Amino acid sequence: MLKPYRPEYPRPQFVRESWCNLNGQWAFAFDTADEGCRSGWFVPGLTPSPFDLTINVPFVYQSRLSGIGERTAHNMMWYQRPFTVPADWRQSGKSVLLNCGAADYRTAVWVNGQFAGEHEGGHTPFQLDITPYLADQNSLVLRVEDILTDLTQPRGKQFWQEQSAGIFYTPSSGIWQTVWLESAPALRLEGVQFTPDVAGQAVQILCYANKAAAASVEVEISFEGALAATAEIALVDGCGTAVVPLPEPYLWSPESPHCYDVALRLAAPGQPADRVQSYFGMRSMDVRNGRVELNGAPYVMKLVLDQGYYPDGLLTAPSDDAIRRDVELVKAMGFNGVRKHQKVEDPRYLYWADRLGLLVWGEMANTYRFSPTAAQRLITEWQAVIERDYNHPCIVAWVPVNESWGVPELRRDPAQVQFLLGLYHLTKALDPTRLVISNDGWEHTRSDLCTIHDYTGEAETVAARYARLEDMLAYCPSERPIYAPGHAFEGQPILVSECGGIAYRTGEEKGWGYTEAGSATDLETGYRQLVTALLNAPLLQGFCYTQLTDVEQEINGLLTYDRQPKLPLATIRAINEGMGEALDLAVEIRP
């Protein structure tokens, strides 16, 4: 049997031992006439078979790794594969759960010809209990709809045309994260949330089950293999909380990414136990007196913009090693964080950021039109994003909207201003522990940080602009004011959250950047002058450089699209650390 693509466990924050990876080769078909439902493509053994292609899941058909690599727009796609489940999974009191990490955009599922459920949202996971539909030999069929011309769908950097252009890239339609089965008791844990209290030296744990029942959850917290704390949480109506003391906790930071491992066991009379493994980090993120504070101490954020695209997999990394290498490269260059831009990242990326130590700004993929439908879609999916990623210590900031995308008329439409304000308060209600940027780049409403996009090419201009508050507040990037009508600066920490974008061609590639370097020496000089100006600017508490890698027609990365450095990593690191000359720094990077 062939090893599946992306074989690693896909949900590192909520691990069950009994699971089966369904990645690999599936039967596949485009449904240009949208006839699949009418013609019963979900029926097993249909003759003649409509599935005339094969595809390598979890890669989208537009990518090379899918085995198809076609850029023609298709609104409807169908997937089919057979599967079996182990005999012990079908015992009384157990359920078989189908999971999909992400499929863009609207998915319907059939098991053995029976409709099992559906999901809307291209960046968030879904789970279906398929136990009632199972037989000895099974057929799984998914229909995924992705209408590229619908600008009310949250799509981020995925272009609504077939060929990428400007700042937009090739779309990713269909399944783009792992599909898997797992076995769990009929009464099982549905989720767990860890809320660290660094000042109180404790962690609050919220557990909830899939249904109301008299049950309890046994919790064991360990650090580097040694037991650190235990607790028992009684569930009332399927939910329970406990505050667990952790005296003198080991704190998480990019410099010391300490994580506590957690074993949870749900038990109920007459029911088999459900066991889940998870982890959390003890860290706080606050603003105080115009400064960002990590674990109660001032912290300058040195971020790089990361689109999370790969030349052969597009939104899907070709391997877990490729994900880890991206995190290692960022750290080797002396950055302490990334702004994941217009992409809800694969949980495996967040896992490696947690374990290796890297700050992450979690960002929602935006719509490009404002309407009740667009608002509802963004809110629903954004809530699911926060729920999925709540436990990752690496995430320190939430960014629901970028550059007024999806709310383009803030200066003239009060409803759009209120929508942004509502997103800020909704995010804080769901997660009061992290910073929230209402609209990254400009036209902020309520916001924990004042973030500005500034592609000014001259370092002297940048230095002057962020030396005086009056000059900074008067700046209108892309002819947009820093604050939306009815809102103003209130002393928040100020960061330049997009800057640079210096294009440099290492070969014959065509493309663009916001400015251009004719040689590696020019790139180093331009980068050094800009970062030095940003680090020395008295108003600034951090920056985010555009960008980590080249992506398709954008050639403004510090790395090429295939992750080759354009400058020595040690040179970039020395500049980011504020040193005058490049140092010979030994940094281990996995091949």
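The values are calculated or read from the model by the stated rules, or taken from the named source; none is laboratory data. Computed from a predicted structure; not experimentally measured. Glycine also receives a Cβ, built like all others from the backbone with ideal geometry; neighbour counts cover every protein chain displayed.
At-a-glance table
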item	result
Residue match in segment 426-433 (condition: among the basic types (Lys, Arg) and either in contact (Cβ under 8 Å) with a residue 12 or more places away in the chain or closer than 30 Å to TYR260 by Cβ (or both))	yes
Which numbered condition GLN13 fails, given (1) touching a helix residue (DSSP H, G or I) at 6+ places or on another chain (Cβ under 7 Å); (2) in a strand (DSSP E or B); (3) not aliphatic (A, V, I, L, M)	(2)
Test set (1) under 29 Å from the mean Cα position of the chain (by Cα); (2) surrounded by 18 or more Cβ atoms within 10 Å (Cβ to Cβ); (3) touching a residue at least 24 places away in the same chain (Cβ under 8 Å) - SER66 fails condition number	(3)
Per-region count, segment 237-266, residues at pLDDT below 95 and either of a type in the set (A, V, I, L, M, F, W, C) or surrounded by 15 or more Cβ atoms within 10 Å (Cβ to Cβ) (or both)	1
Wholly within segment 445-561, strands (runs of 3 or more DSSP E) carrying at least 1 residues that are of a type in the set (Gly, Ala, Ser)	494-500, 540-546
Segment 25-79: number of residues that are on the phi > 0 side of the Ramachandran plot and modelled with pLDDT under 95	1
Output for segment 392-410, where each listed residue is out of contact with any helix residue (DSSP H, G or I) (no Cβ under 9 Å at 6 or more places or on another chain) and either part of a loop (DSSP other than H, G, I, E, B) or farther than 30 Å from VAL15 by Cβ (or both)	ASN402, TRP405
Some residue of segment 32-47 being in contact with a Lys or Arg (Cβ under 7 Å, 6 or more places away or on another chain) and in a strand (DSSP E or B)	no
Some residue of segment 109-127 being more than 24 Å from THR373 (Cα to Cα), assigned by TED's automatic domain parsing to the domain that holds GLY36 and acidic (Asp, Glu)	no
Qualifying residues in segment 115-139 (those that are closer than 22 Å to GLY93 by Cα and touching a helix residue (DSSP H, G or I) at 6+ places or on another chain (Cβ under 7 Å)) - the one surrounded by the most Cβ atoms within 10 Å (Cβ to Cβ)	ALA116
Test: residue in segment 79-92 that is surrounded by 21 or more Cβ atoms within 10 Å (Cβ to Cβ) and closer than 27 Å to ILE379 by Cα	no
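Conditions tested, residue by residue: (1) out of contact with any His (no Cβ under 8 Å at 6 or more places or on another chain); (2) within 21 Å of LYS331 (Cβ to Cβ); (3) modelled with pLDDT under 95.
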| position | (1), (2), (3) |
| --- | --- |
| HIS487 | no, no, no |
| TYR527 | yes, yes, no |
| GLU552 | yes, no, no |
| ASN576 | yes, yes, no |
| LEU583 | yes, yes, yes |
